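Colleague: Mind having a look at this structure? Questions to follow.
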Amino acid sequence: MTIHMRGNTGNDSQIRLVIHGGAGAVKLGKQRREREQAYTEVLAQSLVAGHAVLEAEGSSIDAVIAAIAVMEDCPLFNAGKGSVFTHDGRNELEASIMEGSTRAAGAVAGVMTIRNPIRAAHAVMTKSPHVMLIGQGAEIFAAKQGLEIVDSSYFYTQHRWNQLQKAIVKESILLDHDAGLDTLPGEDEKHGTVGAVALDRRGNLAAGTSTGGLTNKHSGRVGDSSIISAGTYADNRSVAVSTTGTGEMFIRTAAAFNTAAQVRFLHTPITEAADNTLAEIAAIGGDGGLIVLDADGNYAMRFNTGAMFRGTIAEDGIAQVGIFSGPETAVVSI
Ligand code: ASP
């Protein structure tokens, strides 16, 4: 790939995209280098896909969808294709999306046949008077909108099935990254919920989140990822936020809105706001991470777990990707 530098474009906003691919106690095992490389590549592809939209003067909403769809289509992450199983062996997916200029929002939950739930969330936002549709109603709606419907077996992956069996034996409900760390073949099964926040050339923010939820969750359980204000929030007056972690605690703390509210009403710096939210979550026994972006292009990628798959890209088209704590690594230029 060649490096393509772009100059400042007058009064236009500087574009930026920030993504996450879940947080947890990630151990990559003996083949750490190869596995790190595999994650890094998909995160970079996601960043490049979103960047292409922003670079072509596309909207932050479209950039968020493009970035998330790449991760939904990859079995490495717990969203779309790589979704984890419920206790009774089903894949129940959820996603949400929000636009910062209008605070329009859309979400789906408990869907089992929509290939890209993030597209369905967007369709709910743009093509219905509602914010959230669940289950069969959401699936029928998505089909009517021409979205790709798949047989539920599309979401079956052996490693997720194995992960469920281990969780059932241990009688635990697992955050994906923490699931079966030492027990699964390849030790590479720690991949999570995905999310993106973007700022487009017009200065508009957007946020989106997509997940398969928690391994061994009760059928019908809905997490934070599809709940506007918990897993996703965007408001041009403050920030765009996408979260990942122990969903129940993110719901109880209204984590995404909580972060945005601190920035809007208390003028808290975004990193501090994110850390305050994580501290509240930790205080009630939860953990995870979140990505935050403001309308000036300032961003934060914060987590209180061992790792968070994450990355960012801006005008220069250089994708910066990180997994463990420490600086993000420049991995690819477009
Ligand atoms: N927050 C998600 C949930 O509770 C899980 C995750 O972020 O990995 O469904």
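Colleague: Quick check: from the Cα gyration tensor, does the chain come out rounded (a/c under 1.5), prolate or oblate?
Modeller: Cα axes put the chain in the rounded bin.
Colleague: Moving on to the next point. Please turn the phi angles of region 225-236 into ³J(HN,Hα) values with the Karplus equation 6.51 cos²θ - 1.76 cosθ + 1.60 (θ = phi - 60°), one per residue in order, whole Hz, x for glycine and proline.
Modeller: 4, 9, 9, 5, 5, 9, x, 9, 7, 8, 8, 4
Colleague: Sort 249-258, 318-327 for me by packing, meaning the mean count of neighbouring Cβ atoms within 10 Å per residue, highest on top.
Modeller: 249-258, 318-327
Colleague: Starting from the Cα of Lys27, draw a straight line to each of the lysines and keep only those under 26 Å, dropping any in the same chain fewer than 8 residues away.
Modeller: Excluding near neighbours in sequence, the set is Lys81, Lys166, Lys170, Lys190, Lys217.
Colleague: Per-residue HN-Hα couplings for region 192-202, Karplus 6.51 cos²θ - 1.76 cosθ + 1.60 at θ = phi - 60°, whole Hz, x for Gly and Pro?
Modeller: Result, rounded to whole Hz: x, 2, 10, x, 8, 10, 9, 10, 9, 4, 7.
Colleague: At a 10 Å Cβ-Cβ cut-off, how would you order Tyr299, Tyr156, fewest neighbours first?
Modeller: Least to most surrounded, the residues fall as Tyr156, Tyr299.
Colleague: With the chain treated as a Gaussian network of Cα nodes joined by springs under 10 Å, which of Gly195, Gly245, Gly137 yields the largest mean-square fluctuation?
Modeller: Fluctuation is largest for Gly137.
Colleague: Further, regarding this structure: Just to be sure I understand: with springs between alpha-carbon atoms less than 10 Å apart, which residue in Gly82, Gly106, Gly286 has the highest mean-square fluctuation in the Gaussian network model of the chain?
Modeller: Answer for the Gaussian network model of the chain: Gly286.
Colleague: What number, in percent, do you get for the relative contact order of the chain if the mean sequence gap of Cα pairs under 8 Å and at least 6 apart is divided by its residue count? Can you show the working numbers first?
Modeller: Numbers: 971 pairs, mean separation 84.0, N = 334.
Over the chain, the number comes to 25 percent.
Colleague: Also, I was wondering about something else. Taking amide hydrogens as modeled 1.01 Å from N in the peptide plane, which residues meet the under 5 Å criterion relative to Ala307, leaving out close sequence neighbours?
Modeller: Long-range HN contacts for Ala307: Gly24, Val26.
Colleague: What are the ³J(HN,Hα) values, in whole Hz, obtained from phi via the Karplus relation 6.51 cos²θ - 1.76 cosθ + 1.60 with θ = phi - 60°, for each residue of region 52-57 in sequence order, with x given for Gly and Pro?
Modeller: 4, 5, 5, 5, 8, 6
Colleague: Continuing with the same structure: Compare Ala107, Ala67, Ala300 in a GNM of the chain, Cα atoms joined below 10 Å, and give the one with the largest fluctuation.
Modeller: Ala300
Bear in mind these aren't lab numbers, they're just calculated from the coordinates by the rules spelled out. No experiment lies behind these values; they were computed from the predicted model shown. Neighbour counts are summed over all protein chains in view; Cβ atoms, including those assigned to glycine, are modelled from backbone coordinates with ideal geometry.
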